Amino acid sequence: MALPVHEYKPTTQNQRVRSFGRADLNEDTPYIYRLEDTNSSGEVEELIWAAYRQVFNEQEILQFNRQIALETQLKNRSITVRDFIRGLAKSERFYQLVVAANSNYRLVEMCLKRLLGRTPYNQEEEIAWSIQIATRGWGGFVDTLIDSEEYEQAFGDYTVPYQRKRMSTDRPFSFTPRYGAEYRDKAGIIQTSWVHHTEWYGFLTQSPYPQKVDWRTITAVVVGLSGIVTFLLVLNWFVNTSAF
């Protein structure tokens, strides 16, 4: 049986404050994509890719992840932008890439960022929405978020969700990796860090920055191969000499 969303107390965040006064001058205002503002097929295409960037994130925008049927319906105005976002979040590709690789708590954090354009207020909210995932399933959780009053007030039917009220000092949500430390540890993925840069390498992918070099083993292999080559050259010389 699906339970109602557990009550929690919202805290003050950027998107809940109308103005910061002079501090708003430093705000990094995102471009807002609205279907009613599109006047050509090219502008509709830009809106569609903005939706992919928001839901799948920058790291997962691949041709393979496209949902052609949903795109066609949106272009024909058979569905709204809200329905398009719902379809992307409930698609099999999104489930494989994001849902299967994360715990419920992290899914709550990621989906509040991608679908509602804000971070969780507190741990109580994360618990409340985690219960929705457990009782309603993934699809039910997505429906509850997208059909919520907050989504309606922030984006309505025809606006692509975006990071609301982001100050220039905030880290963009698009930098959030699709999986957390728990999945990384299970998959055996190695983190290689250096100044101002971090990349992830799978256990089958060779990193250009080795973590540790075993020179003793490398030396033994080189010496062994050199000995084999020398033996074969001597043997070849002996055979050729004996033939004469």
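Scan the stretch 162-173 and tell me whether some residue there is modelled with pLDDT of 90 or more and among the basic types (Lys, Arg).
So the first thing to find is which residues in the stretch 162-173 are modelled with pLDDT of 90 or more, and the list is 162.
Adding the requirement that they be among the basic types (Lys, Arg) leaves none.
Within the stretch 162-173, not a single residue is modelled with pLDDT of 90 or more and among the basic types (Lys, Arg).
Is it the case that GLU124 is in contact (Cβ under 8 Å) with a residue 12 or more places away in the chain, more than 13 Å from the chain's Cα centre (by Cα), surrounded by fewer than 17 Cβ atoms within 10 Å (Cβ to Cβ) and assigned to a helix (DSSP H, G or I)?
Spelling it out, GLU124 is indeed in contact (Cβ under 8 Å) with a residue 12 or more places away in the chain, more than 13 Å from the chain's Cα centre (by Cα), surrounded by fewer than 17 Cβ atoms within 10 Å (Cβ to Cβ) and assigned to a helix (DSSP H, G or I).
Evaluate the stretch 39-51: report whether one residue or more is out of contact with any helix residue (DSSP H, G or I) (no Cβ under 8 Å at 6 or more places or on another chain), of a type in the set (Gly, Ala, Ser) and assigned to a helix (DSSP H, G or I). Write out each step before concluding.
Restricting attention to the stretch 39-51, the residues satisfying the condition of being out of contact with any helix residue (DSSP H, G or I) (no Cβ under 8 Å at 6 or more places or on another chain) are 39-40, 42, 45-46, 49-50.
With of a type in the set (Gly, Ala, Ser) added as a condition, the list becomes 40, 42, 50.
In the following step, the residues that additionally are assigned to a helix (DSSP H, G or I) were identified as 42, 50.
For the stretch 39-51, residues out of contact with any helix residue (DSSP H, G or I) (no Cβ under 8 Å at 6 or more places or on another chain), of a type in the set (Gly, Ala, Ser) and assigned to a helix (DSSP H, G or I): present.
Residue-wise test of (1) buried (at least 21 other Cβ atoms within 10 Å of the Cβ); (2) part of a helix (DSSP H, G or I).
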| site | (1), (2) |
| --- | --- |
| GLN54 | yes, yes |
| THR72 | no, yes |
| SER78 | no, no |
| PHE94 | yes, yes |
| ALA100 | no, yes |
| LEU112 | no, yes |
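The values are calculated or read from the model by the stated rules, or taken from the named source; none is laboratory data. Since we're looking at a predicted model, the values are computed, not measured. We place every Cβ from the backbone using ideal geometry, glycine too, and count neighbours over all the protein chains shown.
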